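To keep things clear, I will list the structure first and then write my remarks on it.
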Amino acid sequence: MPTRAIHWYPGHMEKTFRQMKEALKRVDFVIEVCDARVARSSRNPELLALTEHKDRMLLLNKADLADPDVTAAWIDKNKEDGVLTVGTNLHNRSDIANIRRLILEANKARIERAKARGYVSRPLRLMIAGIPNSGKSTLINRLAGKSSLKTQNKPGVTRQLVWLRAGKDLELLDTPGVLWPKLDTEAEKCALAASGAIPDDLLPKEEVAACLLNLLLADYEQILREKYGMQGDVTLHELAVSQHLILSGGEPDLFRTATRFINDFRQGSIGRLSLERP
Ligand SMILES: Nc1nc2c(ncn2[C@@H]2O[C@H](COP(=O)(O)OP(=O)(O)OP(=O)(O)O)[C@@H](O)[C@H]2O)c(=O)[nH]1
Ligand SMILES: [Mg+2]
């Protein structure tokens, strides 16, 4: 679907890329954190290019909000492509233990080599990278067992690269979320905005909500109809009517409808839904 591309690439992202490139020299292993609901478009191609020479692992994070069958399909596909991938919910303690186990397993040979050379106490150095708001700082806080880093459900919270120790075996580098300069398709732009990777004030809410509704309609029409009690067409207009969100002049209140609908999606209150399939 060709469309107006959005150019959102604040200055700090360019600086972040430069700093990440420099920091990578000291990094053993990269963890890319993407959003399981948007498992294709939440992977930044420029980040992939920057880190491709490093051993790596991919988290399909916020898997608690995504369609479990779709997440499983993405894991299978990535496995075929040779990408070590795991679906995660960072609010789940056993997922954190599993991530730690996978990191140590993936770095087993490196750890043994370091031991053989006498570097018994050198921790593994991990870079945590990904698009804005995907859960990078949350992951580090959880692995470290303390809330040292600021986290919030909006993009652009982390502004600097920060190293943090997690136990005696891991050193973790938090990085600011990075998008790429040009988002090409309406669907990609909408999926990233709806999932919270692009600041809300950058795109009209009504536009994002209408596009989100369309994306969801393809696979989840019945769920949408049941949740909102919609009988006729599934449009933002009809959603406003079914939710009794009407302006004083009798017109549907599309802004309030859009805001509520996007929030429902972000909170998972419509159901566990994914916007992209392999
Ligand atoms: N539902 C759900 N929410 C999560 C999960 N992981 C993180 N979050 C939430 O996602 C929001 C963003 O988390 P952060 O750790 O600040 O994300 P970030 O990637 O560091 O974001 P930037 O610093 O802006 O790039 C927070 O509200 C977290 O609580 C998860 O697995 N499931
Ligand atoms: Mg952060």
Spot the failing condition for Met57; the list is (1) in contact with a Leu (Cβ under 7 Å, 6 or more places away or on another chain); (2) farther than 25 Å from Pro176 by Cα, and only one is missed. (2)
Quick one: which residue in Lys15, Lys62, Lys79 is closer than 29 Å to Glu186 by Cα, open to solvent by 60 Å² or more (accessible area, probe 1.4 Å) and touching a strand residue (DSSP E or B) at 6+ places or on another chain (Cβ under 9 Å)? Lys79
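Listed here are the residues, each with its yes/no results for (1) touching a His at 6+ places or on another chain (Cβ under 9 Å); (2) surrounded by 18 or more Cβ atoms within 10 Å (Cβ to Cβ); (3) in the same structural domain as Phe29 (by TED's automatic domain parsing).
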{"residue": "Met127", "(1), (2), (3)": "no, yes, yes"}
{"residue": "Ile131", "(1), (2), (3)": "no, yes, yes"}
{"residue": "Lys136", "(1), (2), (3)": "no, yes, yes"}
{"residue": "Arg142", "(1), (2), (3)": "yes, yes, yes"}
{"residue": "Lys146", "(1), (2), (3)": "no, no, yes"}
{"residue": "Lys154", "(1), (2), (3)": "no, no, yes"}
{"residue": "Thr158", "(1), (2), (3)": "no, yes, yes"}
{"residue": "Leu161", "(1), (2), (3)": "no, no, yes"}
{"residue": "Asp169", "(1), (2), (3)": "no, no, yes"}
Only one residue in Val241, Val234, Val208 is touching a strand residue (DSSP E or B) at 6+ places or on another chain (Cβ under 7 Å), β-branched (Val, Ile, Thr) and not assigned by TED's automatic domain parsing to the domain that holds Ala39, so which one is that? Val241
Scanning for something of a type in the set (S, T, N, Q), open to solvent by less than 90 Å² (accessible area, probe 1.4 Å) and within 13 Å of ligand 1 (Cβ to nearest atom), does the range 104-112 turn up at least one residue? no
The number of residues in the range 248-278 that are open to solvent by 80 Å² or more (accessible area, probe 1.4 Å) and at pLDDT 95 or above is 7
Restricting the first residue to the range 163-188 and requiring it to be of a type in the set (Asp, Glu), which pairs with a second residue that is assigned to a helix (DSSP H, G or I) meet a Cβ separation below 8 Å and a spacing of at least six or different chains? Asp169/Leu104; Asp174/Lys136; Asp174/Ser137; Asp174/Ile140; Glu186/Cys211
Which of the residues spanning the range 128-148 are within 13 Å of ligand 2 (Cβ to nearest atom) and under 22 Å from Arg101 (Cβ atoms)? Ile128, Ala129, Gly130, Ser134, Gly135, Lys136, Ser137, Thr138, Leu139, Ile140, Asn141, Arg142
Expected single match for in a helix (DSSP H, G or I), within 18 Å of the chain's Cα centre (by Cα) and under 17 Å from Pro278 (Cβ atoms) among Ala63, Ala72 is Ala72
Output the residues belonging to the range 184-203 that are more than 11 Å from Ile262 (Cβ to Cβ) and surrounded by 14 or more Cβ atoms within 10 Å (Cβ to Cβ). Asp184, Glu186, Ala187, Glu188, Lys189, Ala191, Leu192, Ala197, Ile198, Pro199
Considering only the range 42-59, state which residues are of a type outside the set (Asp, Glu) and either in a helix (DSSP H, G or I) or open to solvent by 10 Å² or more (accessible area, probe 1.4 Å) (or both). Arg43, Pro45, Leu47, Leu48, Ala49, Leu50, Thr51, His53, Lys54, Arg56
How many of the residues in the range 226-278 are in contact (Cβ under 8 Å) with a residue 12 or more places away in the chain and at positive phi? 3
Quick one: which residue in Leu216, Leu212 is modelled with pLDDT of 95 or more, out of contact with any Cys (no Cβ under 9 Å at 6 or more places or on another chain) and open to solvent by less than 70 Å² (accessible area, probe 1.4 Å)? Leu216
Which one of these does Asn89 not meet: (1) touching a Ser or Thr at 6+ places or on another chain (Cβ under 7 Å); (2) more than 25 Å from Arg125 (Cβ to Cβ); (3) open to solvent by 10 Å² or more (accessible area, probe 1.4 Å)? (1)
Is one or more of the residues making up the range 114-131 within 14 Å of ligand 1 (Cβ to nearest atom), more than 18 Å from Glu171 (Cβ to Cβ) and assigned to a helix (DSSP H, G or I)? no
Would it be correct to say that Leu192 is in contact (Cβ under 8 Å) with a residue 40 or more places away in the chain and outside any helix (DSSP H, G or I)? no
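The values are calculated or read from the model by the stated rules, or taken from the named source; none is laboratory data. Computed from a predicted structure; not experimentally measured. We place every Cβ from the backbone using ideal geometry, glycine too, and count neighbours over all the protein chains shown. Surface areas here come from the heavy atoms of the whole protein model, side chains and all, with no ligands, DNA or RNA. Shrake-Rupley method; radii C 1.70, N 1.55, O 1.52, S 1.80 Å.
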